[in-house]
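Some notes on the structure that comes next.
The values are calculated or read from the model by the stated rules, or taken from the named source; none is laboratory data. Small disclaimer: the values here were computed from a predicted structure and weren't measured. All Cβ positions, glycine included, derive from the backbone under ideal geometry; neighbour counts span all protein chains shown. The protein model used for the area step is the full one, side chains on, heavy atoms only, and it has no ligands, DNA or RNA in it. Shrake-Rupley method; radii C 1.70, N 1.55, O 1.52, S 1.80 Å.
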Amino acid sequence: MGATLAAGFPARLSAATGLSLTEAQLQAGREFLTRHPSVDVHAHPGRFFLRDAVQTDAVKALGAPAEAQVLTDMAAGGVTAALFNCVSDASLLGFTPAGGLAPVREFQPGEAWAEYQRQIGLLKALAARGDVARGFTRADIGKALAAHRTAAVFAVEGGDFIEDRLDRVHKAHADGVRSITIVHYHPNQIGDPQTEKPRTPGLTPIGRRIVKEMNKAGVVVDLAHASFGVTKDAVAISDKPMMISHTNLKRADLDHPRLVTPEHARLVTTHGGIVGSVPSGIGQATVGDWIASILRLIDAVGVDHVAIGTDMDANYRPVFTDYRDWGVIPAALMARGLSEAETAKVMGGNFLRIFPA
Ligand SMILES: [Zn+2]
Ligand SMILES: [Zn+2]
């Protein structure tokens with residue numbers, strides 16, 4: 001992809017990234033991306049979902065949408081595909097006194113479905129305008145790699161919009177949705193998030209039916225944000241690989257409700273599932289810290305089960321912020337001793353394995 005990669009990218013890296021990569025290693029990272037599909041398994045590029053959103057304090061704090069710039073950056077950086085996530089409960093969210101996100105009200109009747117339709121309409125418009133390539137199938141992603149474009153895999157963070165209507169799982173699939181994070185910040189009809197005191201031990205009865213329906217429809221179950229109980233139940237009843245798209249491991253010196261234990265992470269790899277590492281500010285201050293988190297995850301669950309899920313551009317205090325630097329990730333992984341084949345698994349191969357055919 002050489003010439004299409006952003007010219008200034010190594011120059012923008014500062015010592016603050018916590019990496020010491022040579023120009024040759026950075027170049028190897030950029031060239032890697034021309035040979036292997038790379039996938040951001042959890043993203044909100046340019047905060048597309050906030051266009052025409054009701055301006056709550058949380059929405060204002062996230063910042064204005066900037067899809068055009070970010071889509072240009074993704075193609076320039078060599079991102080083959082990303083899961084473009086709508087956010088089901090975006091209109092409910094506010095800040096806790098500690099600065100975290102939490103729901104501050106309940107949905108009005110019909111609101112969750114209307115919000116889904118507004119946001120999926122934005123994604124369809126991006127694809128219809130040709131601003132992104134469609135990422136409905138594995139073949140679409142192969143085509144995007146060959147054309148040096150970025151494919152949008154439609155996804156939704158929060159299964160709230162499904163309500164108790166199993167037909168909406170199939171409607172979402174028909175809209176192009178290939179993954180749903182079943183629980184986000186709002187405790188919903190499916191189960192509880194890891195950031196709230198649980199109301200139920202695991203999946204609710206309708207939550208179990210929704211997980212099975214997603215298996216049937218070919219929509220990947222994303223267990224990011226889900227409580228350990230929800231995760232255990234989903235793993236027990238699912239016959240398809242699932243993922244935790246954006247998290248990291250707890251450590252002896254680091255605990256946070258959004259992080260998971262090695263046991264929790266390993267559970268999700270049961271059916272061949274994957275765990276995406278997120279460059280958030282939780283226990284990480286630099287890109288170097290994030291690379292260390294990715295390697296820790298590989299040690300815990302194996303290189304066949306790790307992926308990259310940036311949560312850009314709605315990440316809370318991110319340590320990686322610019323898709324033009326995407327090549328730094330494979331460069332750093334290879335510099336730390338991963339082979340090219342192992343790096344290809346983490347950068348996209350593992351996701352493509354679980355992407356419904
Ligand atoms: Zn999230
Ligand atoms: Zn997200």
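What the table shows:
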| quantity | calculated |
| --- | --- |
| Any hit, the range 278-299, residues being away from ligand 2 (no atom under 16 Å from the Cβ), touching a strand residue (DSSP E or B) at 6+ places or on another chain (Cβ under 9 Å) and part of a strand (DSSP E or B) | no |
| The listed residue being at positive phi and more than 12 Å from ligand 2 (Cβ to nearest atom), out of Gly77, Gly46 | Gly46 |
| From the options Phe107, Phe84, residue that is among the aromatic types (Phe, Trp, Tyr), open to solvent by less than 30 Å² (accessible area, probe 1.4 Å) and in contact (Cβ under 8 Å) with a residue 40 or more places away in the chain | Phe84 |
| Pairs where the first residue, in the range 175-202, is over 16 Å from Phe107 (Cβ atoms) and within 14 Å of ligand 2 (Cβ to nearest atom) and the second is aromatic (Phe, Trp, Tyr) and part of a strand (DSSP E or B), C-beta under 9 Å, 6+ apart | Ser179/Phe154 |
| Residue match in the range 300-322 (condition: at pLDDT below 95 and in contact with an Asp or Glu (Cβ under 7 Å, 6 or more places away or on another chain)) | yes |
| Whichever residue in the range 23-44 is in a loop (DSSP other than H, G, I, E, B) and surrounded by fewer than 24 Cβ atoms within 10 Å (Cβ to Cβ) and, among such residues, is nearest to ligand 1 (Cβ to nearest atom) | Pro37 |
| For Ile162: the one exception among (1) more than 16 Å from ligand 1 (Cβ to nearest atom); (2) modelled with pLDDT under 95 | (2) |
| Single unsatisfied condition, Met214 versus (1) more than 21 Å from the chain's Cα centre (by Cα); (2) over 21 Å from Phe49 (Cα atoms); (3) outside any loop (DSSP other than H, G, I, E, B) | (1) |
| Ile206 vs. criteria touching a residue at least 40 places away in the same chain (Cβ under 8 Å), open to solvent by less than 70 Å² (accessible area, probe 1.4 Å) and more than 14 Å from ligand 1 (Cβ to nearest atom) | yes |
| Complete set of residues in the range 166-186 that are open to solvent by 30 Å² or more (accessible area, probe 1.4 Å) and within 16 Å of ligand 1 (Cβ to nearest atom) | Tyr185 |
